[in-house]
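Report on the following structure.
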Amino acid sequence: MPLLETLEDAFTGALDTGRWPNSYGDPTTVDGRAHIPCTVGGFAGLRSATTYTLTDSHFLLRAYPPPAAGATVTAAMSLLVLSGTGGTDAGFIIDTAQGAMGLYLRSGYADGGALFPSYDPVAHAWLRLRETGGNLLWEASPDSSNWTVLRIAATPAWAADSDLSLLIESTRVDGSNNVAEVDNVNLPTSLVLLGAARTTAAAAPVTGQKHAPVGPGRSAVSVRPLSAAHTAALGPARTRARAGSFTRLPRPATALTPGTSGPALTPGTTSATATATTTTGG
């Protein structure tokens with residue numbers, strides 16, 4: 001029973017029908033994103049296998065809903081976790097024709113508690129539906145790192161089922177045909193180190209890679225040690241054992257006998273200074 005978060009796709013190659021076996025309407029991949037046709041009166045979607053559970057898990061992704069393209073009624077993208085019962089689901093529906101986003105927890109295709117914030121393509125670039133501690137959280141982020149909770153609701157019993165699937169669907173009522181796009185399903189760009197697969201069933205071969213700036217380590221565990229060295233000046237040796245050898249200089253005479261010619265000489269008042277050298281540091 002894999003967790004929903006183990007469904008990962010960066011769409012770097014051809015559409016992986018193993019991850020999305022229940023897709024329809026001819027979705028494809030273009031330039032590292034999934035393209036889902038958005039046509040008047042039509043429906044197209046990416047749909048995963050019906051093998052996942054949502055309890056203590058989540059889905060997240062980078063969403064690119066279809067531009068309105070002249071639509072005044074509906075140009076929509078749905079991002080939903082589907083249960084085994086039709087019309088019983090949870091997730092997001094973005095309608096660019098209306099400039100709004102619906103946060104749904106539906107039964108019989110209805111949700112009296114749904115919220116409809118204005119859609120912001122920057123603040124809502126990344127979307128996540130997460131189950132934790134008996135609650136569902138609808139969240140949004142501009143960068144896949146800093147998340148804002150948009151809605152909280154009690155977790156429905158079906159979230160623990162083992163036959164859930166993820167659906168990413170597009171449709172429109174009016175306007176010009178175009179596409180919705182999605183990228184980095186369960187692959188936030190703020191994380192670049194891959195951990196071990198949780199189960200054998202969840203492991204999948206890597207089909208490509210993407211590049212993203214690396215931010216600061218989130219914890220001491222994720223921070224890598226520095227491999228470069230730096231140079232610092234060495235101070236004087238702290239002990240005789242660590243100091244190098246030195247040559248003792250003769251002390252000056254304490255009394256001098258004047259010569260028969262030349263200037264008069266005065267006895268020295270200080271001894272020579274010895275300088276320690278080191279080859280071991282200190």
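The values are calculated or read from the model by the stated rules, or taken from the named source; none is laboratory data. Everything quoted here is computed from the prediction, not taken from an experiment. A quick note on method: Cβ atoms are made from the backbone with ideal geometry, for glycine too, and the neighbour counts reach across all protein chains shown. With ligands, DNA and RNA removed, areas are computed over all heavy atoms of the protein, side chains included. Shrake-Rupley method; radii C 1.70, N 1.55, O 1.52, S 1.80 Å.
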Residue satisfying condition, being open to solvent by less than 40 Å² (accessible area, probe 1.4 Å), touching a His at 6+ places or on another chain (Cβ under 9 Å) and not acidic (Asp, Glu), within set Leu129, Leu167: Leu129
Test set (1) among the hydrophobic types (A, V, I, L, M, F, W, C); (2) under 18 Å from Leu166 (Cβ atoms); (3) touching a Ser or Thr at 6+ places or on another chain (Cβ under 7 Å); (4) open to solvent by less than 30 Å² (accessible area, probe 1.4 Å) - Ile93 fails condition number: (4)
Matching residues, segment 28-37, being touching a Gly at 6+ places or on another chain (Cβ under 9 Å) and either surrounded by fewer than 15 Cβ atoms within 10 Å (Cβ to Cβ) or more than 28 Å from Glu131 (Cα to Cα) (or both): Thr29, Gly32, Pro37
Only one of Val81, Val73 that is at negative phi, at pLDDT 95 or above and open to solvent by 10 Å² or more (accessible area, probe 1.4 Å): Val73
The lone exception for Tyr52 - which of (1) touching a helix residue (DSSP H, G or I) at 6+ places or on another chain (Cβ under 6 Å); (2) open to solvent by less than 20 Å² (accessible area, probe 1.4 Å) it fails: (2)
Residue check, Ala63 touching a residue at least 12 places away in the same chain (Cβ under 8 Å), touching a His at 6+ places or on another chain (Cβ under 8 Å) and over 16 Å from Asp174 (Cβ atoms): yes
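Conditions tested, residue by residue: (1) in contact (Cβ under 8 Å) with a residue 60 or more places away in the chain; (2) assigned to a strand (DSSP E or B); (3) farther than 19 Å from Phe92 by Cα.
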| site | (1), (2), (3) |
| --- | --- |
| Leu15 | no, no, yes |
| Pro21 | no, no, yes |
| Thr55 | yes, no, no |
| Ala71 | yes, no, yes |
Meets criteria (open to solvent by 40 Å² or more (accessible area, probe 1.4 Å) and either under 25 Å from the mean Cα position of the chain (by Cα) or in contact (Cβ under 8 Å) with a residue 24 or more places away in the chain (or both)) for Pro156: no
Qualifying positions in segment 74-130 - among the acidic types (Asp, Glu) and either outside any loop (DSSP other than H, G, I, E, B) or in contact with a Pro (Cβ under 7 Å, 6 or more places away or on another chain) (or both): Asp89, Asp95
Per-region count, segment 106-121, residues open to solvent by 40 Å² or more (accessible area, probe 1.4 Å) and of a type in the set (A, V, I, L, M): 2
